[in-house]
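Presented below is the structure to which this report refers.
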Amino acid sequence: MAEVKKEKKATNEESVKLFVGQVPKHMTEAQVLAMFEEFALVDEVNIIKDKATRASRGCCFVICPSREEADKAVSACHNKKTLPGASSPLQVKYADGELERLEHKLFVGMLPKNVSEDDVSALFSKYGTIKDLQILRGSQQTSKGCAFLKYETKEQALEALEALNGKYNMEGSSVPLVVKWADTEKERQARRAQKVQSQASNMPNADSPHPSLFGALPMGYIPPYNGYGYQAPGSYGHMQYRLRPMQNQPAFNNMIPSVNQGNSLRGITPDLASSISPRNYAVPPTSYVGSAYPPVSGLQYPMAYPGGIMGHRPLTGSPGSVPQANASSNSSSSSPVGANSGGQIEGPPGANLFIYHIPQEFGDQELANAFQGFGRVLSAKVFVDKATGVSKCFGFVSYDSPEDAQNAINMMNGFQLGGKKLKVQLKRDNKQNKPY
DNA sequence: TCATATT
């Protein structure tokens, strides 16, 4: 009764948890275990699964009985083999926080500014062997009054913590030391993300148009007439220059019934309409005008934008029907792109693009919008810094046909969007020669 | 400047 129920596998202080990525989703824990046991002792394998669907997320944890065994698994497998079905080699590394857990790292605060490493070392050595010690210093090497300190074992660190935290004043100090476990990387990331978030919400005009978007557009550009869409000049009356899609607004790209388009003719100035009317265009029959609609939710572009408005190729045979990826199903809940902007869906070889110099404020949806004029966008992914959420300004767009991708390259490579010209190329392929 | 993911 006083017995504490043990986990069925004893994962003790010495155990090391490894994170393994690029595990094909169909693999079982037993299969992963069998593979790793060839190289190291393994206590346990846990496939990481989607909370809702229970489907594998393509990665797992592997628990080894010691650091030595874990290191064997890492050096034998990390980037060393590509499992059948995976797109890149196995990733094997210490799980988040695992290295820190093994470091036994303490934060020491309230140090007098004039104490040296030796002073700190002299005090803390009483509790164990110090593996690493640094006092944080400013630009002039002036102490910031705190330090990080690693012990050989957790017991030693804990002993120091309990003996000194809030209880010991260093010489000349009127306040006791603060000794606590150092923040983990995860905690620091969370803090940083929090900070970014609060800064972003204080940004003035967060929703305003991209300042350089208009000026950057090549207004003289004449898109190829594809026999399909024609944008009535009046439709500019309801362009929205939001950079972020509005929350809780159904994605209406490609789905506005033509009967609604009359609304778009309201509220425009005739002068503006005629000044931007496409004199040089092969103007399609007016019966097609009814099929003009805002091609995207969120960010939209003036007519001269190569991929927008004019750019849809017919996906179905009949003129005037609404081109959309999922024409046969699904009425309103999701846009074709929105559902697939996670980045995991790749098109056939030659249909996947790598894009650089994406404007900072573009997310997956904005990227998809910018490229959806050339074909069916299977997925669009802008990469963001894991810690800060800030765009890395590059990403991927996948089409279902190489011709669409090539067309997008022709039209969009060098296209100025924001302050810079896009670089649009075929994605490098690391999946060429797969093992059997 | 070329692919994530952390029960």
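Miscellaneous remarks
- Where a residue in the range A:101-120 is within 15 Å of A:Lys150 (Cα to Cα) and its partner, wherever it lies, is open to solvent by 60 Å² or more (accessible area, probe 1.4 Å) and not in a helix (DSSP H, G or I), with Cβ under 7 Å and at least six apart: A:Leu106/A:Lys180; A:Leu106/A:Trp181; A:Phe107/A:Lys180
- Qualifying positions in the range A:11-57 - more than 14 Å from DNA strand B (Cβ to nearest atom) and not polar (S, T, N, Q): A:Glu13, A:Glu14, A:Ala30, A:Ala34, A:Met35, A:Phe36, A:Glu37, A:Glu38, A:Phe39, A:Ala40, A:Leu41
- Residue list for the range A:389-414, filter: of a type in the set (Val, Ile, Thr) and away from DNA strand B (no atom under 12 Å from the Cβ): A:Val390
- A:Ile63 being closer than 20 Å to A:Leu102 by Cα and of a type in the set (A, V, I, L, M): yes
- Whichever residue in the range A:350-387 is within 12 Å of DNA strand B (Cβ to nearest atom) and in a loop (DSSP other than H, G, I, E, B) and, among such residues, is farthest from the chain's Cα centre (by Cα): A:Ala351
- Residue within the range A:418-427 that is within 11 Å of DNA strand B (Cβ to nearest atom), loosely packed, with under 15 Cβ neighbours inside 10 Å and more than 18 Å from the chain's Cα centre (by Cα) present: yes
- Residue count for the range A:136-152, restricted to those that are surrounded by fewer than 14 Cβ atoms within 10 Å (Cβ to Cβ) and under 15 Å from A:Glu103 (Cα atoms): 1
- Criterion violated by A:Ala408 - all others in (1) in a helix (DSSP H, G or I); (2) open to solvent by 10 Å² or more (accessible area, probe 1.4 Å); (3) at pLDDT 95 or above; (4) touching a Leu at 6+ places or on another chain (Cβ under 9 Å) satisfied: (2)
- Evaluation of A:Cys60 against (1) away from DNA strand B (no atom under 12 Å from the Cβ); (2) closer than 14 Å to A:Cys77 by Cβ (one fails), failing number: (1)
- Count of the range A:335-369 residues, restricted to those that are open to solvent by 40 Å² or more (accessible area, probe 1.4 Å) and either acidic (Asp, Glu) or at pLDDT 95 or above (or both), is 5.
- Criterion applied to A:Gln134, A:Gln140 was being in a loop (DSSP other than H, G, I, E, B) and polar (S, T, N, Q), and the one residue passing it is A:Gln140.
- The residues of the range A:67-95 that are touching a strand residue (DSSP E or B) at 6+ places or on another chain (Cβ under 7 Å) and either under 20 Å from A:Glu13 (Cα atoms) or in contact (Cβ under 8 Å) with a residue 24 or more places away in the chain (or both), listed by number, are A:Arg67, A:Ala70, A:Ala73, A:Val74, A:Cys77, A:Leu90, A:Gln91, A:Val92, A:Lys93, A:Tyr94, A:Ala95.
- Positions within the range A:166-186 being open to solvent by 60 Å² or more (accessible area, probe 1.4 Å) and polar (S, T, N, Q), in sequence order: A:Asn169, A:Ser174
- Options A:Leu90, A:Leu106: the member that is touching a helix residue (DSSP H, G or I) at 6+ places or on another chain (Cβ under 6 Å) and within 16 Å of DNA strand B (Cβ to nearest atom): A:Leu90
The values are calculated or read from the model by the stated rules, or taken from the named source; none is laboratory data. Keep in mind it's a predicted model, so treat the numbers as computed, not measured. Note that we place each Cβ from the backbone using ideal geometry, even for glycine, and neighbour counts take in every protein chain shown. These area figures cover heavy atoms from the full protein model, side chains too; ligands, DNA and RNA do not enter into them. Shrake-Rupley method; radii C 1.70, N 1.55, O 1.52, S 1.80 Å.
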